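> Here it is: the structure, laid out below.
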Protein chains: 2
Amino acid sequence: MLRFALLALALVSSATGGSAQTTPADIVAQAPPGDWTAIPADSLLVMDLAPDRAGKPRRIVIQLMPPPFAVGHIANIRTLARAHWWDGTSINRVQDNYVVQWGDASEKKPLPEGLIKVPESAYLAPVEAITAAEAVTHHSDAPEDAMLSLLQRAQAGNAAGAAAMAGTQSESAPSGWHDRDSYAEWVEIHRGWPLAEQGGNFWPVHCYGMVGVGRNLSPDTGTGAELYAVIGQAPRQLDRNIALVGRVISGIEHLSALPRGTGPLGFYETAAERVGIRSVQLASELPEGARPRFEYLSTDSLSFAHYVAARASRKDSFYFQPAHGIDICNIVPPIRPAKG
Amino acid sequence: MLRFALLALALVSSATGGSAQTTPADIVAQAPPGDWTAIPADSLLVMDLAPDRAGKPRRIVIQLMPPPFAVGHIANIRTLARAHWWDGTSINRVQDNYVVQWGDASEKKPLPEGLIKVPESAYLAPVEAITAAEAVTHHSDAPEDAMLSLLQRAQAGNAAGAAAMAGTQSESAPSGWHDRDSYAEWVEIHRGWPLAEQGGNFWPVHCYGMVGVGRNLSPDTGTGAELYAVIGQAPRQLDRNIALVGRVISGIEHLSALPRGTGPLGFYETAAERVGIRSVQLASELPEGARPRFEYLSTDSLSFAHYVAARASRKDSFYFQPAHGIDICNIVPPIRPAKG
């Protein structure tokens, strides 16, 4: 991905004079259909809240991560969804600039059979496990050099990109988002997901909208029955301390705009404040015509590389001083409803 | 500040065995009274919205930045507040994971006399201007080595800190938040404010809760009549492109939990959706007994250094893997109502 990214940066930076008005949104709008990857129906969790005061429906769609990330927790989440376990539960906690959390407020609802107990080691994914999982899934976003590690791929790309950039206005290209992260040696967007790395192990990053598994004190890792979504500045101190399982890709405003809880940690103090959950189900359980369908801009596409470069160095009309850098949680991988 | 920070890190890291349970909140609670600095009443902007559906008051308090930051815009804001210009205006835009914006929706309300037109050069503060402003204000938080630049102070601290850390468990100390920022060569919290630096120029950072001045296309910099607050992941691409003037220190939930606007850029599409502003005034205009009073944990205190170190490497009971790093926007300088 970085190989393309750096090429794109070179293109963008050498074309500064002519195409200064291109916005990230323009790049996304102009991406060819082949640059978009469909999200499988069994990776979409559809959560319907009770309607709002005006009677309007409130639907939230969560994309679950692909293997090898949080495999055990995501198996549990599919089991819980198929058992309709969340139907009739509620949103119980809304802490400003932090998280919205939902599950069984009574903490007494029996869990379905067959849930897996996950060890803390599952917070990390060695690069070999990522490569192996990609070889199995035949994902359309799979890179041709699938036998290389993510970091090796990136390093190979670095060399190629550096060569491609020789003689261009490299000093005006955005730089540093991969290795100027405050929490990890390296960060990247891989197959649409924000990942961080240290010593060959990767983990997903707590960006805005990411969904994780509530737990009790370590070594407990939670079952997946208690979930939360990030609604503020990325709480990266939670990375590697808690399982991330996916992210909200539609309807986050139904969570982020809820009244903040006034109890400790933002828990609602009364049952009346809680927001009812009508149902949580996998899109694959819905009749074919009723399934929400989404696609994301493929990580290894040139469009994505251009998008990142443009976001890292905004030169469109509002901007006076391009940043020449970007935080991984400000990249916001493009996702849209799929047509047809 | 860094001098103390690194010392504190050394202390914290060498004491890992014994005091593993100390939370950032514990450190703040135990800070001696002398580590707190009062915020002047003419630096507090008090915004009262119309009461909510349940009739509850909604008060937001904004702390304005000290000189030399945004001096022209802040003079305008004081002029607007004294003219009661915002009374009867409204919140007009709420864009998820971005900003809440308020001002005159009609764009026809005449502005008061005496507003200053500010140039784009005011987005940056040279270090000499910061030092000069501190010498004038006699702020209780002023460092003893006020004649040194912020970066020189930091570098002197670095050397002292490095010496102090020799022989301690430095490898387990958090590191890198000052110079692993994606948007700047250097970041620090100075007199309670998040600042970034490049080439000796400093600028405030768009962290959660920061308040800035809406504007039209460059070279317009806005008057200060149209303001916004950040309610999501720090939109750092706005740094140096727009004037930051302060931050919300109380009541941000009255902004961040508002319904999102459904128009372009999150503007409300109908007048009925807008949230009325009853009044905006400086705390210094209120009768003495009615003034809200706040204080912040002084940047140059040992308590603050401990607080940053603890936030950067959480070891309290919930945490399994300390991050050993922190983003400047995750530091969240402690501010509390002042007693007495």
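> Just checking the output field for B:311-321: average partner chain Cβ neighbours within 10 Å of each residue's Cβ?
On the way: counts 1, 3, 1, 3, 0, 0, 2, 8, 7, 10, 11.
Partner-chain Cβ atoms within 10 Å, mean over residues of B:311-321: 4.
> Translational diffusion coefficient of segment A:190-251 at 10 °C, 1.306 mPa s, Stokes-Einstein with Kirkwood Rh over Cα pairs, in µm²/s as a whole number.
Answer, rounded: 130 µm²/s.
> Related question: Enumerate the amide H contacts of A:Val99 below 5 Å, restricted to partners 5 or more residues apart or on another chain; note that Pro and chain-start residues carry no placed amide H.
Amide H neighbours of A:Val99: A:Ile231.
> Taking segment A:50-97, which trypsin sites (Lys or Arg not before Pro) meet the DSSP loop condition and have no more than 10 other C-beta atoms within 10 Å?
Of the trypsin sites (Lys or Arg not before Pro), the ones in loops of segment A:50-97 whose Cβ has at most 10 other Cβ atoms within 10 Å are A:Arg53.
> Continuing with this model, one more query. Modelling each spin label as a point 7 Å along the Cα-to-Cβ direction, I'd like the B:Lys108/A:Ala338 distance in nm, to one decimal.
So the two model labels end up 5.0 nm from each other.
> Moving to a separate point now. If you take the Cα atoms of segment B:22-69, find Rg, then find the Kirkwood Rh from the mean of 1/r over all pairs, what is Rg/Rh? Write down the numbers at each step before the final one.
Numbers: Rg = 16.1 Å, Rh = 14.0 Å.
In segment B:22-69, Rg relative to Rh is 1.15.
> So if I average 1/r over every pair of distinct C-alpha atoms in segment A:248-318 and take the inverse, what Kirkwood radius in Å does that give?
Answer for segment A:248-318: a Kirkwood hydrodynamic radius of 16.9 Å.
> Can you give me the long-range amide H partners of A:Gly246? Hydrogens built in the peptide plane at 1.01 Å from N, cutoff under 5 Å, separation of 5 or more residues or another chain.
A:Met65, A:Val211
> Ok, one more. Report the local net charge at A:Gln101: Lys and Arg +1, Asp and Glu -1, summed over other residues whose C-beta lies under 10 Å from its C-beta.
Here the count lands on 0.
> Select from segment B:87-122 those GluC sites (Glu not before Pro) which occupy a DSSP coil region and have at most 13 other Cβ atoms within 10 Å, ordered by residue number. If you can, show how the numbers build up before the last one.
Numbers: sites: B:Glu107, B:Glu113, B:Glu120; in loops: B:Glu107, B:Glu113.
Passing sites in segment B:87-122 are B:Glu107, B:Glu113.
> Once amide H atoms are placed 1.01 Å from N in the peptide plane, what residues at a sequence separation of 5 or more from B:Trp186, or on another chain, have their amide H within under 5 Å of its amide H?
Here the answer is B:Glu197, since their amide H atoms fall under 5 Å of that of B:Trp186.
> Then there is this: Could you state how much accessible area A:Phe294 has, in square angstrom rounded to the nearest 10, with a 1.4 Å probe and all protein chains kept in place?
About 20 Å², ignoring ligands and nucleic acids.
> Based only on Cα atoms, what mean projected area does the convex hull of segment B:65-130 have, in nm²?
Across all orientations, segment B:65-130 yields a mean hull projection of 6.0 nm².
> What Kirkwood hydrodynamic radius do you get for segment B:25-136 when you take the inverse of the mean 1/r over all pairs of distinct Cα atoms, in Å? Before the final figure, lay out the partial values.
Values: mean 1/r = 0.0576 Å⁻¹.
Across segment B:25-136, the inverse of the average 1/r is 17.4 Å.
> Further, regarding this structure: Averaged across the residues of B:247-253, what count of C-beta atoms belonging to other chains lies within 10 Å of each residue's C-beta? Mind showing how you got there, number by number?
Details: counts 0, 0, 0, 0, 0, 3, 9.
Taking the mean over all residues of the peptide, I get 2.
> Looking at segment B:182-330 from every direction and averaging, what is the projected area of its Cα convex hull in nm²?
For segment B:182-330, averaging the hull's shadow over all directions gives 13.0 nm².
> Heads up, I need the accessible area for A:Leu297: 1.4 angstrom probe, whole protein in place, Å², nearest 10.
So the heavy atoms of A:Leu297 present about 0 Å² to solvent.
> List the GluC sites (Glu not before Pro) within segment A:220-309 that fall in a DSSP loop (any state other than H, G, I, E or B) and whose Cβ has at most 13 other Cβ atoms within 10 Å.
Listed in order of number, the matching sites are A:Glu269.
> At 1.4 Å probe size, with no ligands or nucleic acids counted, give the accessible surface of B:Asp179 in Å², nearest ten.
So the heavy atoms of B:Asp179 present about 80 Å² to solvent.
> I'd like the distance between the alpha-carbon centres of segment A:245-302 and segment A:177-202, rounded to an integer number of Å.
Taking the Cα centre of segment A:177-202 as reference, the centre of segment A:245-302 is 25 Å away.
> Still on this structure, please answer the following. Counting only other chains, and only Cβ atoms inside 10 Å, what mean value do you get across the residues of A:229-238?
6
The values are calculated or read from the model by the stated rules, or taken from the named source; none is laboratory data. Quick caveat: nothing in here was measured; it's all calculated off a predicted structure. A quick note on method: Cβ atoms are made from the backbone with ideal geometry, for glycine too, and the neighbour counts reach across all protein chains shown. Protein only, heavy atoms only, side chains kept; ligands, DNA and RNA dropped before computing areas. Shrake-Rupley method; radii C 1.70, N 1.55, O 1.52, S 1.80 Å.
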